[in-house]
1. Only one of B:LEU70, B:LEU25, B:LEU56 is in contact (Cβ under 8 Å) with a residue 12 or more places away in the chain, over 21 Å from B:LEU232 (Cβ atoms), more than 16 Å from ligand 2 (Cβ to nearest atom) and touching a helix residue (DSSP H, G or I) at 6+ places or on another chain (Cβ under 9 Å); which?
2. Could you list, in sequence order, the residues of segment B:165-187 that are away from ligand 2 (no atom under 16 Å from the Cβ) and in contact with a Leu (Cβ under 7 Å, 6 or more places away or on another chain)?
3. Given the conditions (1) assigned to a loop (DSSP other than H, G, I, E, B); (2) within 12 Å of another protein chain (Cβ to nearest Cβ), and given that A:LEU42 satisfies all but one, which numbered condition is not satisfied?
4. Being among the small types (Gly, Ala, Ser), in contact with a strand residue (DSSP E or B) (Cβ under 6 Å, 6 or more places away or on another chain) and either within 18 Å of B:LEU129 (Cα to Cα) or within 16 Å of ligand 1 (Cβ to nearest atom) (or both) is the filter here, so list the residues in segment B:189-216 that pass it.
5. Sort out which residues of segment A:16-38 are under 52 Å from the mean Cα position of the chain (by Cα), more than 10 Å from chain B (Cβ to nearest Cβ) and not in a strand (DSSP E or B), and write them in order of number.
6. Any residue in segment B:78-103 that is without any contact (Cβ under 8 Å) to a residue 60 or more places away in the chain and over 17 Å from B:ALA133 (Cα atoms) sitting within a Cβ distance under 7 Å of a residue that is among the hydroxyl-bearing types (Ser, Thr, Tyr) and part of a helix (DSSP H, G or I)? List the pairs, counting only those 6 or more apart or interchain.
7. Given the conditions (1) under 28 Å from A:ALA261 (Cα atoms); (2) within 14 Å of another protein chain (Cβ to nearest Cβ), report the number of the one that A:LEU279 does not fulfil.
8. Only helices (runs of 4 or more DSSP H) wholly contained in segment B:24-132 count here; list those with 1 or more residues that are more than 9 Å from chain A (Cβ to nearest Cβ) and buried (at least 24 other Cβ atoms within 10 Å of the Cβ).
Amino acid sequence: MTSALPASACWTAQASGAFTLTISGALSAITVAQLWDSCVRLDAKVSAVNIDLTGVTTCDGAGLAMIAQVKRLATAAGATVLLRGASAELAHLIDTAADAPRPPEARQVGVAEDVGLAVMGTVDTSAGLMEFTGETLLCAVAAVRQPRIVRWRDALAIAAHTGFDAIPVTCLLGFIIGFIIAFQTMPTFQQYGAGDKVSLVVGVAMVRELGPLITGIVLAGRTGSAFAAELGTMVVTNEIDALRTFGLNPVRFLVLPRMLAAAFTTPFLSLFATIMGVLGGFVVVSAQGVSLAFFVQQLQGVLHGSDLIQGVFKAGVFALLVTGVGCAAGLATKEGPGAVGASATRAVVAGIVLVIISDGIMGWIFFMVGI
Amino acid sequence: MDGPPVITLADASVGYGTEVVLHGLTFAVNQGEIFIIAGGSGCGKSTLLKTFITLLQPLAGEITVDGTPLRSASDDAVGGLRRRIGVMYQSGALFGGLSLLENVRLPLEEFTSLSGDALDAVAYAKLALVGLAGDANKLPSTISGGMQKRVAVARALALDPPIVFLDEPTAGLDPSTSAAFDEMIVDLNKLLGTTFVVVTHELPSIFRIAHRMVILDHACAGVGGIGSPQALRDECRVEAVQAFLNRRPVRAAQ
Ligand SMILES: Nc1ncnc2c1ncn2[C@@H]1O[C@H](COP(=O)(O)OP(=O)(O)OP(=O)(O)O)[C@@H](O)[C@H]1O
Ligand SMILES: [Mg+2]
């Protein structure tokens, strides 16, 4: 038989149920792609298959896979299979490929099971988070009793990164937000002839709310994600396991210095953001001819020291929440290359949500207490 | 094996940036050969292999792989060469997000015209060669280190490349799996004429599969000896070579 192809395959029927598959030529990924459909198909009533490879000149892995697939399907259909004209190596490799067990079919997961698994997953996560919180508190108590157990040197290095390096971005955001608030509220105030009162809005909003809030959100995006990725990578590379087998507690070793560093630096960042925000507001009102002295005097009228302390306190709480949830997400990292990314995402989302919710709760408490 | 040379080194140096790890390398690997690179830990086997597979540039001299001179080749030529070689990295380097089957299927999907069923069957066949077809749906993180190595070999073989580089394929495997692996290499080499360049420390494996080998010598940062394992053992007088093939510590020079 001649053919345009450098390789060919044809089935011929012999006696009842016996078939011969004659393959010849050079088998490669290219010829196999063309031959596959005509070659890998079986008669329903097949009882014996002869595979004649006498005419095969060369055969690569794709050819091997094709022949093995025919053998495999025929054997599964209960037919006997005979290879003819194959070298010992080829026959051995075909048998290896054809006789290898395949993995069991994936089990279908029903809706009920899906929901159940999701619920169990949530319960698991919550339990893990509680365990983490407990462990962190225990460590914190131990650290208060015995400050030596804290790795202060690490904490200092981390503080430089999470605090000092975050100053530019926090200040910039604070300034822009203060500027925008003043700019947007100005027309309304001017309608009532109270353009100079804009400074009050900016001052109160920045000091009590936005300064700490901006800082918290920057912290979640910058530091929470970084901590999650760092600890997550350590989980994936078994470094956390190595710590544990040395009898070292990862919470004391890794989490505590991070949380301390953030808790120490974030209030300062919040203070900077607040000051820059108020300055941003001043830039707008100064264009209306308000002098700095008058601006400051007005602010002093509505803001008290307790407002500033309130803001700083909030920033500290945000720092603990954001870095805590970031480290927890990192330590809970699963296997696989996407796992670290998933942990970082979880850290950022949970961090921002926690910042805003806790801001609301603290605002309410301060209001009830009457500060 | 006396095929034409597929890899030639002419007074080549390899290393990282300014740090030369090996220098004065002059030898050739012939087509259809199973060629072993051996030598003490840290002597530069992986570095040499990384240079062959175009991840590192030779620092001096010239290395030609399958007709492509590595120092003067264009990016296109290097890209073409990369498609003609199969590589198994020392660490496995499987794609962690893909199942074992998908790891092997990926290059087939990208570079062949095979269709769905055929792709699966070819990928299964490659996994069967390393004895892992039954685990095809697992993720790399859920199998053992030795199994990961075997999958990495199956992936290196996916496109039936004419030259295959393996960095310690049998390290960490039990003796019987390791022996089955050797048989597979020998079979594939006979059947497909594939050239294998294998880094390994395992003496039984070397004597079973090697046509020729080079033993790198840490002391002179170059070639200690080259030839068939038997010839090296019986005739080569270089201390590093004798120490390696007779499995004894290197004796200090007199
Ligand atoms: N990325 C790198 N940058 C600089 N030097 C390196 C780098 N990787 C390895 N080296 C150095 O190159 C030398 C050779 O390393 P190489 O990894 O090639 O050793 P090897 O022979 O493969 O050892 P092993 O048997 O342990 O795998 C070592 O001295 C090592 O310190
Ligand atoms: Mg190495």
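The values are calculated or read from the model by the stated rules, or taken from the named source; none is laboratory data. Remember, predicted model here, so these are calculated numbers, not experimental data. For neighbour counting, all protein chains shown are included, and Cβ atoms are generated from backbone atoms with ideal geometry for every residue, glycine included.
1. So the residue among B:LEU70, B:LEU25, B:LEU56 that is in contact (Cβ under 8 Å) with a residue 12 or more places away in the chain, over 21 Å from B:LEU232 (Cβ atoms), more than 16 Å from ligand 2 (Cβ to nearest atom) and touching a helix residue (DSSP H, G or I) at 6+ places or on another chain (Cβ under 9 Å) is B:LEU70.
2. Once the filter is applied, which keeps residues that are away from ligand 2 (no atom under 16 Å from the Cβ) and in contact with a Leu (Cβ under 7 Å, 6 or more places away or on another chain), segment B:165-187 yields B:PHE181, B:MET184, B:ASP187.
3. The one condition A:LEU42 does not meet is (2).
4. Listed by number, the list is empty, since nothing qualifies.
5. The answer is A:THR31, A:SER38.
6. Filtered contacts from segment B:78-103: B:GLY96/B:SER141.
7. Unmet for A:LEU279, out of (1) under 28 Å from A:ALA261 (Cα atoms); (2) within 14 Å of another protein chain (Cβ to nearest Cβ): (2).
8. Answer list for segment B:24-132: B:45-52, B:100-111.
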